[in-house]
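The values are calculated or read from the model by the stated rules, or taken from the named source; none is laboratory data. Note that this is a predicted model, so its numbers are computed, not measured. Cβ placement follows ideal geometry from the backbone for every residue including glycine, while neighbour counts extend to all protein chains displayed. Ligands, DNA and RNA are stripped out before the accessible areas are found, and what is left, the full protein with its side chains, is counted by its heavy atoms. Shrake-Rupley method; radii C 1.70, N 1.55, O 1.52, S 1.80 Å.
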Amino acid sequence: MRKRYRVAVVGVGKQAAEDHIPGILKSHLAELVAICDVDAEKAARTAEMLGVRSYVDHNEMFRVEDLDFVLVATPHHTHARIVEDAAAASVHVLKEKPFATSGKEAAHLASLAREHGIEIMTTLQRRFNPIYTSFFQLVDQIGDPFFMDVQYTMFVDSPHSGWRGSRADAGGGCVIDMGYHMLDLIIWYLGMPSAVAATMSAKAVGDAEYDAEDTASILFQWSNGMHGTCVLSRSLPPKRELFRLVGTEGVIELERGSIKRLTKSGEVVEHLTRERSWEAAATTQIDYFCRVLAGERKNMGGPDYHLQHASVIDACYASVKLGSFIDPREVLA
């Protein structure tokens, strides 16, 4: 019989309710044993529905429960403290993106993982969706890539409200939050860029004051001559997710749930789709982390890897201040 890894969820918001908890419940390798949330009523209600114990204080939960890992799905500014406490309790961590709110915090979390011998992995469901992994089978068929076009936009009624409207709490706006998924695809598919330049605004709600950007445009360059653009927004309808890579012999277009390979002139050569993939990816991600803990898989979303993401994000914000291109590799160093 395989071991079932005992997991608790900290933060019972929308992401946990819609993705992480269902993913755990369908996992063959993980067992949900506790729920923790600062809202005692919500924690108790959710725990009762799931037949597990509830907590308001995650440290009390770490003392009482015999946990293998904790899934952290709380506001960004609370992640580091929870990870610190989990590390002190020798509890592994699977956490919501971003890995950290800054390069400095990312380095601190990486140090904690080494010091306490724990695994920390960031949740990025696209990594476990066959549509997105199919990219590597198609990219060799489009010749030498030279241009990238990324768009991830949606419309949120109140991009300024709550902790997501505060850069101090969120670490930033659309770049570090929803944009983290696109930055991960860029680094995963194309490697670290050699330069980034960004412009950002927090003006979609004209009569409100907030400092976490709702819209951003980023230019990317690579040392091999590749370049491209990325537009991120919580204020641009309709909702769209597109990753387009143009090569000398063809094009790849990747959208949520489908991937196409086209000729140079735009004729579709092959088109792959997958239904209900998001639900499966959430469970596959949980199972994968359990296999990491068992020593059967490499932690593909560990601290050292995500130092790259933090460096690119820091470079984007530095570029806005300086009005120039920034090399994220120098930020990483």
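Observations, loosely collected:
- Loop trypsin sites (Lys or Arg not before Pro), the range 211-304 (other Cβ atoms within 10 Å of the site Cβ: 14 or fewer; DSSP): LYS264, ARG276, ARG297, LYS298
- Seen against the Cα atoms of the chain and their longest principal axis, helix 303-322 is set at about 60 degrees.
- Here the relative contact order of the range 14-106, from alpha carbon pairs under 8 Å that lie six or more residues apart, stands at 20 percent.
- Percent RCO, i.e. relative contact order, over the range 68-214, from Cα pairs under 8 Å lying at least 6 residues apart: 22 percent
- Projecting the Cα atoms of MET61, ALA43, VAL83 onto the charge dipole of the range 38-85, computed from C-beta unit charges around the Cα centre, puts ALA43 farthest toward the positive end.
- The fraction of all Cα pairs in the range 276-333 landing in successive 10 Å bins from 0 to the largest distance is 21, 29, 23, 22, 4, given as whole percents.
- log10 of Debye I(q)/I(0), alpha-carbon scatterers only, for the range 140-271 at 0.09, 0.13, 0.17, 0.19 Å⁻¹: -0.30, -0.59, -0.89, -1.04
- Annotation note: GluC sites (Glu not before Pro) in the range 222-289 located in DSSP loop regions with a Cβ neighbour count of at most 16 within 10 Å are GLU249, GLU267, GLU275.
- Distance from the Cα centroid of the range 42-86 to that of the range 94-130 is 17 Å (rounded to whole angstrom).
- For the chain, share of DSSP beta bridges that run antiparallel, in % to the nearest 5: 60 percent
- Relative contact order for the range 1-155: 18 percent, from Cα pairs under 8 Å spaced at least 6 residues apart, divided by residue count.
- The angle between the Cα long axis of helix 277-293 and the main principal axis of the chain comes to about 60°, on a 0 to 90 degree scale.
- If you plug the beta carbon distance of LYS3 and ARG276 into 1/(1 + (r/R0)^6) with R0 = 41 Å, you get a FRET efficiency near 0.90.
- At q = 0.24 Å⁻¹ the log10 of I(q)/I(0) for the range 40-113 amounts to -1.16, computed by Debye summation with a single uniform scatterer per C-alpha, solvent ignored.
- Solvent-accessible surface of the chain, taken per residue with a 1.4 Å probe and all protein chains present: 44 Å².
- Ordering THR153, THR133, THR123 by the projection of their Cα atoms onto the charge dipole of the range 111-161, which places +1 on the Cβ of Lys and Arg and -1 on the Cβ of Asp and Glu, puts THR123 at the extreme positive end.
- When +1 charges are put on Lys and Arg Cβ atoms and -1 charges on Asp and Glu Cβ atoms, the dipole computed for the range 1-133 relative to its Cα centre reaches about 520 debye.
- The accessible-area ordering, largest first, of the residues HIS108, HIS28 stands as HIS28, HIS108, per a 1.4 angstrom probe.
- Remark: the range 1-92 projects, on average over all directions, an area of 5.7 nm² (convex hull of Cα atoms).
- Pairs from LYS26/LYS95; LYS42/LYS203; LYS97/LYS239; LYS42/LYS104 whose Cα-Cα separation, in the structure shown, is over 25 Å: LYS42/LYS203; LYS42/LYS104
- Its alpha carbons considered, the range 106-209 gives a radius of gyration followed by a Dmax of 17.4, 49 Å.
- Computed Rg/Rh of the chain, alpha carbon atoms with Kirkwood Rh: 0.97
- Surface accessible to a 1.4 Å probe, VAL246 within the full protein complex, Å²: 30 Å²
- Between helix 40-50 and the chain: long-axis angle, C-alpha atoms, 0 to 90°, nearest 10: 90 degrees
- Heavy-atom accessible surface of the range 147-249: percent carbon and sulfur, 1.4 Å: 50 percent
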